[in-house]
Amino acid sequence: MSRRIVPVLLAFWLVLSPVAWAIDPVELPDPVLQERYRALTHELRCMQCQNQSIADSPVSLAGDLRREVRELLASGKTDAEIREHLASRYGDFILFRPRFTAQTAWLWVTPVLLLLLGIFVALRIIRGRASLADVDPTEPDTGQDMGAARREDRRT
Amino acid sequence: MNRFLLPAGLFALLVVVLFVGIQRAPQKNVIPSALIGKPAPAIRLPVLGGQGEFDSASLRGRWWVLNVWGTWCPECRVEHDMLLEIARSEVVPMVGLNWKDDDIAAQAWLRDLGDPYDAIPADREGRVAIDWGVYGAPETFLIDERGIVVYRHVGAMTREVWARQFLSRIPKPAGAVG
C-alpha cells in the first residue's frame, strides 16, 4: 500500500516544485550570477502588465528584458549599472524600489514625517490626560480650570 | 466650533487631493518617456525584406518620426490610415520600426494596407525597441534635427494628436505658406 502511494506522492511533489511553474526556466552557469539575476528580475517592473515583475510575467517584452538583464550580467555590469541602464530607457517607473532623487524624496520622507507627527500628537494627548489626572476633582474651584486647561490643550 | 475647524479643514484637503487624483488617473496610464530631451538611441538594423541596412545617423540634420509597429498589434491597424495621411502630407520622413514581427507578414500588411514609411528597419529581436524604452506598440516618437527625442505618443496616432503634439513642434520650412 505505502509502496504504491510513494510514486503518487512524488508526482504531487513535482507539481509543488517551483521549476514546474517557472515562466523563465533559464539557469545561468554561475550560481552567484543566477542569484543576482533572480533578485534583479524580481525588482524590475513589467511595463506591459504593470503590477508584475519581469520575472513573473509571461509577455514577450518581459522575456526580452530578462534577456537584456542576463546579457548585462554576463558582460560584468554591477546591479546598480543594470538598474541605471534600464531606468535610463524606461524611466524610474521600471524600478519597483524607487531611487532617492529630488522627485521621489517626498515618497521616502513623508512616512517618516507622518510618524513623527503621530508620535507628537500621541504624546500631547497622553500628557493632557496625565495632567487631568493630577488635578484633584474634589476641590470645587478647579472644575472650571480643568475645562479651561482641556480647551487650551486642544487649541495648541 | 473652533475644535472642528482643523479636522474639517484636513478632510476638505483630503477630498481635494483625492478628487484631483481621480481626475488625472486616466493620464497616469501613459508612462512618460525617459528619453525626452535626450539623444535618440542609434538604430542600425537590416531593412525589412533584406535589402541593405538602415542607419538612423543618415537622418541627422532633419526632423523625423519613428513609428513602432507590428502586424500582431491591433492598434497599429487602427492608426494605419492616419499614418498614410501623414505620409501623403510629406512634412517629415517617417521611419517604421517593425518590432518583433515576421518579415513575410509585415510585407503582406504593407502591400494590402499601403506603405506609409520612408524606411523600415526590422527589429526582429526587440533590442532596439528596448533602447527606445518601447513598452507597447504603437508608439510614435518625434526627433529633432539635432537628433534629440522631442515627444513620444503611446497608442494609435490620431489627427488631433498629430496636429497638437507633432505638427506644432516641427518648425515650418522657410518659405512655406501657412
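The values are calculated or read from the model by the stated rules, or taken from the named source; none is laboratory data. This structure is a prediction, so every number in the text was calculated from the model and none was measured. As a convention, Cβ positions derive from the backbone with ideal geometry for all residues, glycine included, and neighbour counts pool all protein chains shown.
If we scan segment B:14-24, do we find a residue that is over 24 Å from B:Met82 (Cα atoms), among the charged types (D, E, K, R) and either in a helix (DSSP H, G or I) or modelled with pLDDT of 95 or more (or both)? So far as segment B:14-24 goes, yes, one or more of its residues are over 24 Å from B:Met82 (Cα atoms), among the charged types (D, E, K, R) and either in a helix (DSSP H, G or I) or modelled with pLDDT of 95 or more (or both). Within segment B:88-135, restricting attention to residues that are away from chain A (no Cβ under 14 Å), outside any strand (DSSP E or B) and among the small types (Gly, Ala, Ser), the residue that is surrounded by the fewest Cβ atoms within 10 Å (Cβ to Cβ) is B:Ser89. In the set B:Leu45, B:Leu5, B:Leu84, which member is of a type in the set (A, V, I, L, M), more than 25 Å from A:Gly63 (Cβ to Cβ) and modelled with pLDDT of 95 or more? Result of the check over B:Leu45, B:Leu5, B:Leu84: B:Leu84.
Restricting the first member to segment A:73-84 and to residues that are assigned by TED's automatic domain parsing to the domain that holds A:Val32, and the second to residues that are among the acidic types (Asp, Glu) and part of a loop (DSSP other than H, G, I, E, B), no beta-carbon pair is closer than 6 Å while six or more apart or on different chains.
Do we have B:Pro74 as modelled with pLDDT under 95 and over 21 Å from A:Glu68 (Cβ atoms) here? The answer is yes for B:Pro74. Residues that are among the small types (Gly, Ala, Ser) and crowded, with 16+ Cβ neighbours inside 10 Å within segment B:137-175 comprise B:Ala137, B:Gly147, B:Gly155, B:Ala156, listed in sequence order.
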